[in-house]
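Trainee: Structure incoming, see below.
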Ligand SMILES: [Cu+2]
């Protein structure tokens, strides 16, 4: 298990946070998610087997963009 932080752009409210939480939460191996629209930040606790690109693609699926950082 590891903790990773991503910068997310485009979120503006609680609904945005919920969308990201839902999409990222569907990734196998993701244990917990913290997301803040205000800070433009996503923290994911997940297994080492989860690829960064998978997390980024899930954020994009929700309608936002993410970079590791
Ligand atoms: Cu919103």
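Where a number appears in this text, it was derived from the coordinates with a stated rule and is not lab data. Just so you know, these numbers come straight off a predicted model, no measurement behind them. Backbone-built Cβ (ideal geometry, glycine too); neighbour counts: all protein chains shown.
Trainee: Anything in segment 32-69 that is touching a helix residue (DSSP H, G or I) at 6+ places or on another chain (Cβ under 9 Å) and on the phi > 0 side of the Ramachandran plot? List them, or say none.
Mentor: The one that is touching a helix residue (DSSP H, G or I) at 6+ places or on another chain (Cβ under 9 Å) and on the phi > 0 side of the Ramachandran plot: 63.
Trainee: How many residues does segment 40-68 contain that are crowded, with 17+ Cβ neighbours inside 10 Å and out of contact with any strand residue (DSSP E or B) (no Cβ under 7 Å at 6 or more places or on another chain)?
Mentor: So the count comes out to 2.
Trainee: Taking into account only those residues within segment 1-16 that are touching a residue at least 12 places away in the same chain (Cβ under 8 Å) and within 14 Å of the ligand (Cβ to nearest atom), which is surrounded by the most Cβ atoms within 10 Å (Cβ to Cβ)?
Mentor: 11
Trainee: Can you find a residue in segment 17-25 that is within 16 Å of the ligand (Cβ to nearest atom), touching a residue at least 40 places away in the same chain (Cβ under 8 Å) and out of contact with any strand residue (DSSP E or B) (no Cβ under 8 Å at 6 or more places or on another chain)?
Mentor: Yes; the residues of segment 17-25 include at least one that is within 16 Å of the ligand (Cβ to nearest atom), touching a residue at least 40 places away in the same chain (Cβ under 8 Å) and out of contact with any strand residue (DSSP E or B) (no Cβ under 8 Å at 6 or more places or on another chain).
Trainee: Condition first: buried (at least 16 other Cβ atoms within 10 Å of the Cβ), within 10 Å of the chain's Cα centre (by Cα) and over 15 Å from residue 1 (Cβ atoms). Now tell me which residues in segment 22-39 satisfy that.
Mentor: Within segment 22-39, 23, 24, 35 qualify.
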